[in-house]
Amino acid sequence: MTYRTILLQLTDDAGNEARLRAALELSRRFGAVLVALHVTPPPIVPVGYGEGAAYVGPEIIEAQREAAKAVAERLEATFRRVCEPASGAIWQHLEGDPGECLAQLARTADLTIGPRFEARGLDALPIQPIEQAALGAGGPVLLVPADGFSADLGRRVLAGWNGRKEAARALKDTLPFLRSAEAVEIVTVGEEGADSLDGALALLERHGVAAVGRRLPGSGNVGADLLARMAEFGADLLVMGIYSHARLRQLVLGGATRHVLQHTTGAVSFSC
């Protein structure tokens, strides 16, 4: 198994070009085609009732469309400059809900990459497009720091293991990274998955991955335990399954997943 199609979410921020350059180098490393996707969301129409209803004239909608067009043109110009024609990279622009569009295209990619932005207050309530994609991609989704990531990502990899299907999927989805890593550690937290850890290590060994196992006692916060071990191990990539329970954000992502998303400063590969 290797990655042949890598999908990158483009966003209009200061770190976009750095992430694009790293993703291009990553695609070359795996011999993959890079698809760079920008999604233009629909115009925002204020909602109100009765006397509080806001009038939105056509000029306001048109102004939003012109601003969105300028963003798309700016991102495409950056793409053309960074990804010269010889690279084989593909520019793709869609209109619609960013999370839904990203998830849909992720299903026809081997690996999807997107930035994680720190959100506070009310901005932290809506699920980010890349998080939405992770729940519906049907494959690995790599969340990277907003300010960029290294193209040689995956030198030291830490993988969380609890014996569930999501953890198994995450491990298998990242085999291309694991095979080229300098060091791989598979960890269990508490009792969950401890009895199948040796089986996970044997699976990787048959794929040419010389991983080591570690059983952590656990503090009651699995996400915090994984991040602490990630720092101790010096890992530049964390691999874990992503768990979903309901549609509300506070229930969509399991506790360990939420903690990692809120507190990680590194790259995390999720599979659902």
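The values are calculated or read from the model by the stated rules, or taken from the named source; none is laboratory data. All of these numbers come straight from a predicted model, not from anything done at the bench. Heads up, the Cβs are rebuilt from the backbone with ideal geometry, glycines too, and the neighbour counts pull from every protein chain shown.
Find the helices (runs of 4 or more DSSP H) located wholly in the range 158-272 whose residues include 1 or more that are more than 25 Å from Arg29 (Cβ to Cβ), and list them.
165-173, 197-206, 222-233, 249-252, 255-263
Scoring Lys172 on the criteria (1) modelled with pLDDT of 95 or more; (2) under 16 Å from Thr265 (Cβ atoms) leaves a single failure, condition (2).
If you take the residues in the range 85-99 that are in contact with a strand residue (DSSP E or B) (Cβ under 9 Å, 6 or more places away or on another chain) and either outside the structural domain of Leu24 (by TED's automatic domain parsing) or in a helix (DSSP H, G or I) (or both), which one is surrounded by the fewest Cβ atoms within 10 Å (Cβ to Cβ)? Step through it out loud before you land on a result.
Initially, the range 85-99 is screened for residues in contact with a strand residue (DSSP E or B) (Cβ under 9 Å, 6 or more places away or on another chain), giving 87-99.
So of that shortlist, the ones also either outside the structural domain of Leu24 (by TED's automatic domain parsing) or in a helix (DSSP H, G or I) (or both) come out as 87, 98-99.
Details: Ser87: 13, Pro98: 22, Gly99: 22.
Step by step, filter the range 85-99, then rank; the result is Ser87.
Among the residues of the range 217-239, those identified as within 12 Å of Glu185 (Cα to Cα) and among the aliphatic types (A, V, I, L, M) are Leu226, Met230, Ala235, Leu237, Leu238, Val239. If we scan the range 125-135, do we find a residue that is surrounded by fewer than 16 Cβ atoms within 10 Å (Cβ to Cβ) and more than 26 Å from Ala18 (Cβ to Cβ)? Yes: one or more hits.
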